[in-house]
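Worksheet: the structure to be examined is printed underneath.
The values are calculated or read from the model by the stated rules, or taken from the named source; none is laboratory data. In this text the structure is predicted, and so the values were computed from the model without any measurement. When we count neighbours, we look across all protein chains shown, and the Cβ atoms used for this are built from the backbone with ideal geometry, even at glycine. To get the accessible areas, we keep the full protein, side chains included, count just its heavy atoms, and leave off ligands, DNA and RNA. Shrake-Rupley method; radii C 1.70, N 1.55, O 1.52, S 1.80 Å.
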Amino acid sequence: MDISAIEFDFISEDTLLLRWPEQVCRQQHRQIIKAQQHLTNERSQFITDTLVSFNSLLIYYRYPLLSANQLQTLIEQALANRAESHATAQEHANPASADDKPLAGKQISIPTYYDEQAGWDLTEVMQTTGLSQQAIIAKHSEPEYYAYALGFSPGFAYLASLNSQLQMPRKAIPRKQMPAGAVAIAGEQTAVYPDATPGGWHIIGQCPVSLYQVTDTGIESVIKVGDSVRFTPIDRAEFIALGGTLAKEQESIASPISEDLNNSTSNTSPPEKNLSANSRQQHTPLLNKPLLTVNKGAARVSLQDLGRKHCSQYGVSPSGAADEYALMTANQILGNTSFEAALEILLGDVEIVFYQACELVVAAVGDEQPFILNNEAKPMWQRLCIQAGDTLNIAPFRQGNYAYLSIKGGFATSSWFESAIAKLNAPIVNEYFANQPLAKAKPDVAQQVDSQVTSQIAAQPVKNLRSYSTFYPAPELACEQASPFIARFIANKAWQNLSDYQQEALLNQVFTIDISSNKMGYRLNRQGFVNSSTNSQSAYQALGDSAGTISKPVTYGQIQLPSAKQWIVLMKDRQTIGGYPSIGSVMKTDLFRLAQLKPNYPVRFQPISLAQAQVQLAAFYQRFGNF
């Protein structure tokens, strides 16, 4: 392994992207997998998750336990030690290189119905390539593909290499929703979309069978990294017999921010297979009867904490509370641990009835958005005592998108990926129970500090209620009249390689939040320039060239540039792998604010150094005793 060929790119406060040369190569891919395994084993105390793609390895690490420079030094040393040990073993024993041995994969056949009704983009592909429908089917179904990565969503396998005559760039504007089972192509890659999700690939057919299964203990993907895959053409009758249904494109509508920001397949995810004992506190019901029921708006209420762990390799998004500030503040006021799960309420308009007494806090943007308790208005951000039989009504939000209802002592939860967030395809829940903590081992240092901080906060008088909402942009009567929200971002290598002129052209742009934005991603429509500016086409061209054609891991807050007209900021329910050009990632504390902005709110971008963003993030979490 040539370590000098690996590029280090810190793409957010706590993620590092290692990039090998831009190529689709099985031998290089096996080297990346060996590096992933070695780093996970040798540096597990500093690494929380990893994800492999074609030519890259994403590493989530424990900042601030390690600085970026310290992490890079440790990784370079670990990879150098592995390369030296590998070379020594070869010299003495002269065995076949482990990096040259193929992965022990299996042969998979994917039934595919190729037709213009199933392949929404088949006509466009014919026009672009000059090939007939029969030729496209033959060139797509003849090769044997290799599975390089699992990502984007559960069961989504990235397959290569596609016939060169079929290779097309991604769509300039991705669809808001692809049909489940869509067989699609982009660049050198082909894949099946297991679920109905947004996507920018070209659909040439549909697969009628499910590509993953959620069980009580985990998720089973039909295709795994290292498998060999062929697409087998079938006719319409076979497609229907195998359970296929043909969705019409005009019926495929993404759930917009004005209806349901939470409605995405990535929002609930399967557990880690063979998950070890949960490191966080387990909660069981205090009584057999529920603490509360959500009588109205249950589909827009869910348990959320700070997100899942060790889930990326399964194509599962970490998810978590869209606004961690509101979640942790509510917990802090009550004296809970800051990461305690709470009810995330989307857009308001809910009614909750309580069957047990409890103490709670409701946290939401704005101080003048009262909720109604037994026909009496109550303020946000204040500890309240609830009695059995009480009814709480939260009106539709005038400001913000999310509120958090936390109870003292927390809710009863089950653990998937070390999180209280529901598993994939879980039914809508309207009953929630109070917890009864089980006996647990002596808390670690971080938990002790957290407990001390929260107990001190609980003993203090409630702050001035208005002080809590100063975290957010000042409210405006109309979004169109607001000053642009400045989203500060950590610039990646692609941004750093742009000229000063190109950077200025991009920074001068003003965007507004599209109504189709959701918890997977905020779509931002370009409105023009703050000042007169020359054409920014060269900047977009340079970013497109640097992005290449193969997909790479993505992270929370990453700014994707599908086109000059629309940018996308990936949010908590994002996919795990993507391929559009990117300039960096919005810093986390700004993402919590961005999640609360309404459609049409103006947004601009401003670069910030990695060191500045890390200092602010550390201060933010230390404020809540969460290290």
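Through the Karplus equation 6.51 cos²θ - 1.76 cosθ + 1.60, θ set to phi - 60°, convert the phi angles of the stretch 564-575 into ³J(HN,Hα) values in whole Hz; use x for Gly and Pro.
Result, ordered by residue: 6, 8, 9, 10, 10, 9, 6, 10, 4, 9, 4, 6 Hz.
Please list the non-local residues whose amide H lies under 5 Å from the amide H of F371, H modeled 1.01 Å from N, same-chain partners needing a gap of 5 or more.
Placed amide hydrogens put K378, M380 under 5 Å from F371.
Find how much the distance from N374 to Q23 grows on full extension, using 0.36 nm per residue of separation minus their present alpha carbon separation; answer in nm with one decimal.
120.0 nm
Please compute the Kirkwood hydrodynamic radius over the stretch 485-623, one decimal place, Å, based on all pairs of different Cα atoms. Working shown, then result.
Numbers: mean 1/r = 0.0656 Å⁻¹.
By the Kirkwood definition, the hydrodynamic radius is 15.2 Å.
In whole Hz and in residue order, list the ³J(HN,Hα) couplings for the stretch 196-212 that follow from phi through the Karplus curve 6.51 cos²θ - 1.76 cosθ + 1.60, θ = phi - 60°; x for Gly and Pro.
Calculated HN-Hα couplings, in order: 6, 9, x, x, x, 8, 8, 7, 10, x, 9, 9, x, 9, 6, 9, 7 Hz.
How much area per residue is accessible in the stretch 3-83 when the probe is 1.4 Å and only protein heavy atoms are counted (Å²)?
Working: 3060 Å² over 81 residues.
About 38 Å² of surface per residue is accessible.
With label points built 7 Å along Cα→Cβ from the Cα atoms of N295 and E76, find their separation and express it in nm.
6.4 nm
With a 1.4 Å probe and every protein chain left in place, work out the accessible area per residue of the stretch 116-197 in Å², rounded to a whole number.
32 Å²
Let me spell out the model: positive unit charges on the Cβ of Lys and Arg, negative unit charges on the Cβ of Asp and Glu, origin at the Cα centre of the stretch 286-387. What dipole size does that give, in debye rounded to 20?
360 debye
Compute the semi-axes of the equivalent ellipsoid of the stretch 135-239, taking the square root of 5 times each eigenvalue of the Cα gyration tensor, and list them largest first in whole Å.
Listed largest to smallest, the semi-axes of the stretch 135-239 are 21, 16, 15 Å.
Which one of V125, Q213, A241 is farthest out on the positive end of the charge dipole of the stretch 107-246, using unit charges on Cβ (Lys, Arg +1; Asp, Glu -1) and the Cα centre as origin?
V125
Once R0 is set to 45 Å, what does the formula 1/(1 + (r/R0)^6) return for the Cβ-Cβ distance between I486 and A237, expressed as a FRET efficiency to the nearest 0.05?
0.20
Can you list residues from other chains, or at least 5 along the same chain, whose modelled amide H is less than 5 Å from the amide H of T112?
The answer is T232, I234.
On average, how much accessible surface per residue is there in the stretch 292-434, in Å², for a 1.4 Å probe, leaving out ligands, DNA and RNA?
31 Å²
Please state, to two decimals, what the Cα-based radius of gyration of the stretch 292-434 comes to when divided by 2.2 N^0.38 Å (N = residues).
Here the answer is 1.00, to two decimals.
Can you tell me the length gained on complete extension of the stretch R62 to A618, counting 0.36 nm per residue apart and subtracting the Cα distance? Before the final figure, lay out each step's value.
Values: separation 556, 0.36 × 556 = 200.16 nm, distance 1.12 nm.
The R62-A618 span can extend by a further 199.0 nm.
How much length would be gained if the chain were fully extended between T215 and N497, taking 0.36 nm per residue of separation minus their Cα-Cα distance, in nm to one decimal?
Length gained, T215 through N497: 96.9 nm.
Can you list the residues, at least 5 places off or on another chain, whose amide H is less than 5 Å from the amide H of N295, using H built in the peptide plane?
Result for N295 returns E351, I352, V353.
What are the ³J(HN,Hα) values, in whole Hz, obtained from phi via the Karplus relation 6.51 cos²θ - 1.76 cosθ + 1.60 with θ = phi - 60°, for each residue of the stretch 384-394 in sequence order, with x given for Gly and Pro?
Using θ = phi - 60°, the values come out as 10, 9, 10, 10, 4, x, 5, 10, 10, 10, 10 Hz.
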